Amino acid sequence: MEGDIDEANRAFHVEGTGEDAEAFAATASDLLAARTEGILFPRLGNGKGQTGEACRYCEHIEACVQGDSAMKMRLERMAERCAREAREDKKMSPFERHLARLWQVDQADSP
Ligand code: SF4
């Protein structure tokens, strides 16, 4: 990684094998692709209507819209629509495509 990320956070070593390693690599690749395209959104939920696990430890929570339930609901509905449209192979914008993939990244049936 490069750019505006400080040196200490540009890389870290991960070991793994099998499906978990493949899923991690695919997700990391998707995250980097979204970031390269300038597509960043707060993942306010875990795809199950609950607050994401990472939010519990996030140092940016005070500046985040995590507590904005209306924003959270709109993003969740948009992510659900995008996931459905991805499954239906509909034409999607880069933002919609990344939202569909990354919002539900820990869901077994994510697109
Ligand atoms: S609180 Fe942190 S981890 Fe949670 S959505 Fe906001 S920025 Fe992301």
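Read-outs: derived from the displayed coordinates by stated rules, not from any lab. Bear in mind that the values here come from a model prediction, so they are computed numbers and not experimental data. Ideal geometry is used to build each Cβ from the backbone, glycine not excepted, and the neighbour counts take in all protein chains shown.
A few remarks follow.
- Here HIS13, HIS98, HIS60 are placed in order of increasing Cβ neighbour count within 10 Å, fewest first, which gives HIS13, HIS60, HIS98.
- Counted by neighbouring Cβ atoms within 10 Å, the residues LYS72, LYS91 run from fewest to most as LYS91, LYS72.
- For ILE61, ILE5, ILE39, order by how many other beta-carbon atoms lie within 10 Å, fewest first: ILE5, ILE61, ILE39
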